[in-house]
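Here the structure comes first, spelled out in structure tokens, and everything after it is commentary.
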Amino acid sequence: VQLQASGGGLGQTGGSLRLSCGISERTYSPYAMGWFRQAPGKEREFVAAIAWSGGSTYYEDPVKGRFTISRDNAKSTGYLQMNSLKPEDTAVYYCATSPYGSHWRSVYGYTDWGQGTQVTVSS
């Protein structure tokens, strides 16, 4: 599985950015797609996940109500709409796919990762 993340860049506090993650060379049908982020000097942390088939969504508390995860099955693409951006959202964002039915909040629940896309939010 190849994942290609895009859409990062520079945003302003209170602004919006939309990340995309395209899936190619699929060798399995993922159970879920997740988004994680990693700020300098910090561990990679869970942001959001979506069940690829049913569409159920899961969010970490700091982004609830501001970020929306979605997917387009036909395009094999996942999205992370980020609104009301804050400087603390600054990080490299990674998309990942999971062949498992659980543990989607953990990095260990995913086997394939995109290359990461930088998001920088200015104050």
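The values are calculated or read from the model by the stated rules, or taken from the named source; none is laboratory data. Computed from a predicted model, the values in this text were never measured in an experiment. Glycine also receives a Cβ, built like all others from the backbone with ideal geometry; neighbour counts cover every protein chain displayed. Each accessible area value is taken on the protein alone, full model and side chains, heavy atoms only, with ligands, DNA and RNA left out. Shrake-Rupley method; radii C 1.70, N 1.55, O 1.52, S 1.80 Å.
Results, tabulated for the structure shown:
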{"read-out": "Filtered residues of region 87-100 (kept if more than 14 Å from the chain's Cα centre (by Cα) and either part of a strand (DSSP E or B) or more than 19 Å from Glu43 (Cα to Cα) (or both))", "value": "Pro99, Tyr100"}
{"read-out": "Output for region 101-123, where each listed residue is in a strand (DSSP E or B) and open to solvent by 40 Å² or more (accessible area, probe 1.4 Å)", "value": "Trp113, Gln118, Thr120, Ser122"}
{"read-out": "Sole residue being within 17 Å of Asp112 (Cα to Cα) and surrounded by fewer than 21 Cβ atoms within 10 Å (Cβ to Cβ), chosen from Thr68, Thr77", "value": "Thr77"}
